[in-house]
Amino acid sequence: MHTIDLAYVGRGLHEELAAYIADQQDYYADEGVHVALRDGCTWDDERLRRGATIGLGRALLSRLTDGTPWVALNVNTTRPLFWFLARPGLTSLADLAGRRLAVHAPHTAPGCFTRIVLRRAGLDPDRDIHTVVRPPGDYGMDLRLLHEGKIDAALVGSTMAPEAVAAEHGWHVLHGSATTSRSPPWAWPSTPRTRTRTPPRSRPSYEPTGALWR
């Protein structure tokens, strides 16, 4: 059996958790490999390339901007990874005009893709919105700033259940960042869903329902 290093470069449902679920369910063994999971959150691209990685926006962005020759073995995009969470009174992306939005830095993958989505909604991220750049993944701070009224909306990732958080505080998940599998009016740029092989056995679906797992 071959042994490979598999690094995840972010926290949340779509990276760290997915890697560990696959390990616990013996999905790697089904493919005939032994996987050593590594925390690659602080690794640079050259170190990541020595093994395998769960490549999302960062891998795509490095391919486009730096020409990093990643080889995609399996591609599967079924759900959004980020959402716009907003205070009462804001119900669509267009409502963000003139508002304060907490977001990732433009040079990061989530920040870059956020700018694409905002432009598709007719907003100039540099002129129409007051952006508040903060460290990736600091969503707890975003919730505090929303609660205190210091920001109007925030881009949050899948380390939380945005719909449950919105319901608890009376906030809104803005249109264009839907958390269902239906196609939203403003969807994230995504890769077509393809697989390199058919799964050898039926695998359970892990999807968030509120703050719990089913």
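The values are calculated or read from the model by the stated rules, or taken from the named source; none is laboratory data. Worth saying up front: this structure is predicted, and the values here are computed from it rather than measured. Here the Cβ positions follow ideal geometry from the backbone for every residue, glycine too, while neighbour counts run over all protein chains shown. Side chains included, ligands, DNA and RNA excluded: accessible areas come from the protein's heavy atoms. Shrake-Rupley method; radii C 1.70, N 1.55, O 1.52, S 1.80 Å.
Exactly one condition in (1) at pLDDT 90 or above; (2) assigned to a helix (DSSP H, G or I); (3) hydrophobic (A, V, I, L, M, F, W, C) is false for VAL132; which is it?
All conditions pass for VAL132, except number (2).
Can you say whether GLU15 is closer than 30 Å to GLY170 by Cα, assigned to a helix (DSSP H, G or I) and either modelled with pLDDT of 90 or more or not hydroxyl-bearing (Ser, Thr, Tyr) (or both), as far as the supplied structure shows? Quick ask: steps written out before the conclusion?
Numbers: closer than 30 Å to GLY170 by Cα: yes; assigned to a helix (DSSP H, G or I): yes; either modelled with pLDDT of 90 or more or not hydroxyl-bearing (Ser, Thr, Tyr) (or both): yes.
Yes, satisfied.
With the checklist (1) touching a Lys or Arg at 6+ places or on another chain (Cβ under 9 Å); (2) surrounded by fewer than 18 Cβ atoms within 10 Å (Cβ to Cβ); (3) modelled with pLDDT of 95 or more in hand, flag the one item ALA86 doesn't pass.
The failed condition is (2).
Residues in segment 127-139 that are over 14 Å from the mean Cα position of the chain (by Cα) and either open to solvent by 40 Å² or more (accessible area, probe 1.4 Å) or free of Cβ contacts under 8 Å to residues at least 24 places away in the same chain (or both): how many? First the steps, then the outcome.
Initial filter on segment 127-139 (over 14 Å from the mean Cα position of the chain (by Cα)): 127-135.
Still in the running and either open to solvent by 40 Å² or more (accessible area, probe 1.4 Å) or free of Cβ contacts under 8 Å to residues at least 24 places away in the same chain (or both): 127-128, 130-133, 135.
Final tally of qualifying residues: 7.
Determine which member of the set ASP152, ASP124, ASP142 is surrounded by fewer than 18 Cβ atoms within 10 Å (Cβ to Cβ) and more than 15 Å from LEU81 (Cα to Cα). Give the derivation first.
Numbers: ASP152 fails: surrounded by fewer than 18 Cβ atoms within 10 Å (Cβ to Cβ); ASP142 fails: surrounded by fewer than 18 Cβ atoms within 10 Å (Cβ to Cβ).
Being surrounded by fewer than 18 Cβ atoms within 10 Å (Cβ to Cβ) and more than 15 Å from LEU81 (Cα to Cα) holds for just one of ASP152, ASP124, ASP142, which is ASP124.
Mind checking whether some residue in segment 25-38 is at pLDDT below 85, surrounded by 13 or more Cβ atoms within 10 Å (Cβ to Cβ) and either under 21 Å from the mean Cα position of the chain (by Cα) or under 25 Å from TYR139 (Cα atoms) (or both)? Before the answer, list the steps.
From segment 25-38, those at pLDDT below 85 are none; that's our starting set.
No: segment 25-38 contains no residue that is at pLDDT below 85, surrounded by 13 or more Cβ atoms within 10 Å (Cβ to Cβ) and either under 21 Å from the mean Cα position of the chain (by Cα) or under 25 Å from TYR139 (Cα atoms) (or both).
Going by what's in this entry, would LEU93 be described as touching a His at 6+ places or on another chain (Cβ under 9 Å), more than 30 Å from TYR27 (Cβ to Cβ), modelled with pLDDT of 90 or more and open to solvent by less than 80 Å² (accessible area, probe 1.4 Å)?
Answer is yes for this residue.
Pick from ASP23, ASP66, ASP30, ASP45: which is in contact (Cβ under 8 Å) with a residue 60 or more places away in the chain and among the charged types (D, E, K, R)? Walk me through it before giving the result.
On the way: ASP23 fails: in contact (Cβ under 8 Å) with a residue 60 or more places away in the chain; ASP66 fails: in contact (Cβ under 8 Å) with a residue 60 or more places away in the chain; ASP45 fails: in contact (Cβ under 8 Å) with a residue 60 or more places away in the chain.
Within the list ASP23, ASP66, ASP30, ASP45, the selection yields ASP30.
In segment 104-118, what residues are open to solvent by 10 Å² or more (accessible area, probe 1.4 Å) and among the β-branched types (Val, Ile, Thr)?
THR108, ILE116
Restricting to segment 44-64, count the residues that are open to solvent by 50 Å² or more (accessible area, probe 1.4 Å), under 20 Å from PRO136 (Cβ atoms) and modelled with pLDDT of 80 or more.
Residues of segment 44-64 that are open to solvent by 50 Å² or more (accessible area, probe 1.4 Å), as a first pass: 44, 46-47, 49-50, 56, 58, 60, 63-64.
If we keep only those that are under 20 Å from PRO136 (Cβ atoms) too, we end up with 44, 47, 56, 58, 60, 63-64.
Narrowing the set further to residues that are modelled with pLDDT of 80 or more leaves 44, 47.
Number satisfying all stated conditions: 2.
Do we find that ARG100 is touching a residue at least 24 places away in the same chain (Cβ under 8 Å) and among the charged types (D, E, K, R) in this structure?
Against the criterion (touching a residue at least 24 places away in the same chain (Cβ under 8 Å) and among the charged types (D, E, K, R)), ARG100 qualifies.
ALA105 fails exactly one of the following numbered conditions: (1) in a loop (DSSP other than H, G, I, E, B); (2) of a type in the set (A, V, I, L, M, F, W, C); (3) in contact with a His (Cβ under 8 Å, 6 or more places away or on another chain). What is the number of that condition?
Of (1) in a loop (DSSP other than H, G, I, E, B); (2) of a type in the set (A, V, I, L, M, F, W, C); (3) in contact with a His (Cβ under 8 Å, 6 or more places away or on another chain), only one is false for ALA105: (3).
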